[in-house]
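Down below is the structure, laid out as structure tokens.
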Amino acid sequence: MTQIGPPATRTHVRIAAWLLLALLALAIAEMAARIVFPLPEIRNFDRGRYSPQMVSGPLLAQATLAHASFIVESAPDNIASVHKLNLYGFRDRDWRIAKGAAKRVLVLGDSMVEGFLASEEETIPRVLERLARSANEDVEVLNLGVGGAGLNHYIALVQDAAQILKPDEIVLVLHANDLLGSPTFTSDLVKTHTEATARSRWMPRIASTIARVVRHQAVPRRWHQEPFSFFPSVPNPANPWTSNGEAYSKFVTPALAKAMREGRFNPFNTGEVQAYEHYLRQPVDIKPWLEFLKKFLGPRNIKFSVVYIPQPSQTTDHYMPFKQAYCPPGVPSLMGEPYQQGATLVASQARELGIPFLNLTAPIRDRESAGSHLYWDYDEHMRPSGYAFVAAAIQELRVGQPQDNKQKPSSQ
């Protein structure tokens, strides 16, 4: 006859078996949680730190745009782009913080770099990466474009990204609106030190997920969230038509007014021509900004260059009739030399500091005069062909080909 053992032994065996099953279940649940609810490796590096006007979606109050997605639309141009953001809130694939063998290049800028109104594969960083790799360069190009950002945000982002991502090279892409309003460099923009705060690998993902829910913070998931509109619709204080609609309606055509109210066309475009006409004529001095960046990046052996993308009406009068559909009358052209002085001055300041600089105004003018329109008609962002043109010019600058602002860079 089989000996089963005393009752106490059988109880211990059952308890041990249940404990093992519980541990196994917890292990499986933890593995599933890590797959379903990924978290960035670094806690203190997120798009929200470098954005002046976070997008309008529901995740904003929850402190992260990790794996969020949003839509940017220009209804009158009949174009829209869906932006899928990585775990750090940037429009790119998910990054590994540790740098591999490939050369790491960061492209910084505003919505021109992020690639508004183009697919992710058509953005400047993605095209640049393909061009560099086709030239047998072992390189990874990261998209650090932030729609709506300006010089003060670039300074903060450069300081953090240089120490966290440890790039070999940084390309700063300036757009015409970055020079508006005589931006002033102040000492409070300088960070004493950026210490990357790594997330603990041993913290149970189930516990951290529950903690985020309790704190009413967003919980990133493996898949991207449903996209929401980058520009909110009226009524919303983030849409200027909410409070100024009556005044705007006096000079904006009804169809464009409707699109702006609905967030389907940039509601901040109203009066764009008048703003540029005023500010492009103002003196600009960004030498202190460039001096700081050179002194900061030089000791870290990070190659640094600057590229300037003009506003479309600085390159041709073709776009002016479209702009006048949402701007007051009175400005016939922005092609004159008084409107180019900002880029000209930045070019001389960069040259004085020994910083490679490329002003794309003349090359883009050549393309425009030949009938190749690189911008959308109504919106000031570039078409995919325009982004590809800029990427090709950046690649020429990177590899050290002589740059002549009166010579067209090749385009792919």
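No value in this document is a laboratory result; all are computed from the given coordinates. Model, not experiment: these values are computed from the prediction. Because the Cβ atoms are built from the backbone with ideal geometry, glycine has one as well, and the counts that use them run over all protein chains shown.
Worth a mention:
- Across the chain, the longest piece that holds none of the GluC sites (Glu not before Pro) lying in DSSP loops with up to 16 other C-beta atoms within 10 Å covers 196-412.
- Coupling constants for region 324-337 follow from the phi torsions by the Karplus curve (6.51 cos²θ - 1.76 cosθ + 1.60, θ = phi - 60°), and in residue order they are 5, 6, 9, 10, x, x, x, 10, x, 7, 10, 8, x, 4 Hz; glycine and proline get x.
- The string of couplings for region 368-376 from the Karplus curve (6.51, -1.76, 1.60, θ = phi - 60°) is 5, 5, 7, x, 9, 8, 8, 10, 6 Hz, one whole number per residue in order, with x for Gly and Pro.
- In this structure, the amide hydrogen of residue 142, modeled 1.01 Å from its nitrogen in the peptide plane, lies closer than 5 angstrom to those of 105, 106, 107, counting only residues at least 5 positions away or on a different chain.
- Axis of helix 7-36 versus longest Cα principal axis of the chain: the two differ by about 10°, to the nearest ten degrees.
- Whole-Hz ³J(HN,Hα) from phi, Karplus 6.51 cos²θ - 1.76 cosθ + 1.60, for region 101-106, glycine and proline x: 6, 5, 5, 10, 10, 9
- Mean projected area of the convex hull spanned by the Cα atoms of region 265-412, taken over all viewing directions: 9.6 nm².
- Each Lys or Arg adds one and each Asp or Glu takes one away; over the other residues whose Cβ falls under 11 Å from the Cβ of residue 43, this sums to -2.
- Computed FRET value (nearest 0.05) for residue 137 with residue 97, which takes r as the C-beta separation and R₀ as 30 Å: 0.85
- For residue 381, distant residues with modelled amide H under 5 Å away: 376
- Lys pairs under 20 Å by Cα in the chain, provided they are eight or more residues apart or on distinct chains: 19
- Angstrom value of the Kirkwood radius, inverse mean 1/r, which spans all Cα pairs in region 332-390: 13.0 Å
- Distance cut-off 17 Å, percentage of C-alpha pairs in region 99-139 lying past it: 35 percent
- Charged side chains reduced to their Cβ positions (Lys and Arg at +1, Asp and Glu at -1) give region 189-290 a dipole of some 680 debye around its Cα centre.
- Fully extended contour minus Cα-Cα distance, from residue 223 to residue 366, at 0.36 nm per residue: 47.2 nm
- Our estimate of slack between residue 318 and residue 253, defined as 0.36 nm per intervening residue step minus the Cα-Cα distance, is 21.5 nm.
- A convex hull fitted around the alpha carbon atoms of the chain yields 197 Å³ per residue.
- Degrees between helix 151-164 axis and first principal axis of the chain (Cα, 0 to 90, nearest 10): 40 degrees
- Subtracting the Cα-Cα distance of residue 341 and residue 200 from their residue separation scaled by 0.36 nm leaves 45.7 nm.
- Sorted into 10 angstrom bins from 0, the C-alpha pair distances of region 208-247 split as 24, 26, 27, 18, 5 percent.
- Computed from Cα positions, the angle between helix 124-134 and the longest principal axis of the chain comes to roughly 80 degrees.
- When the alpha carbon coordinates of region 110-230 are projected onto the principal axes, the ranges are 45, 41, 33 Å, largest first.
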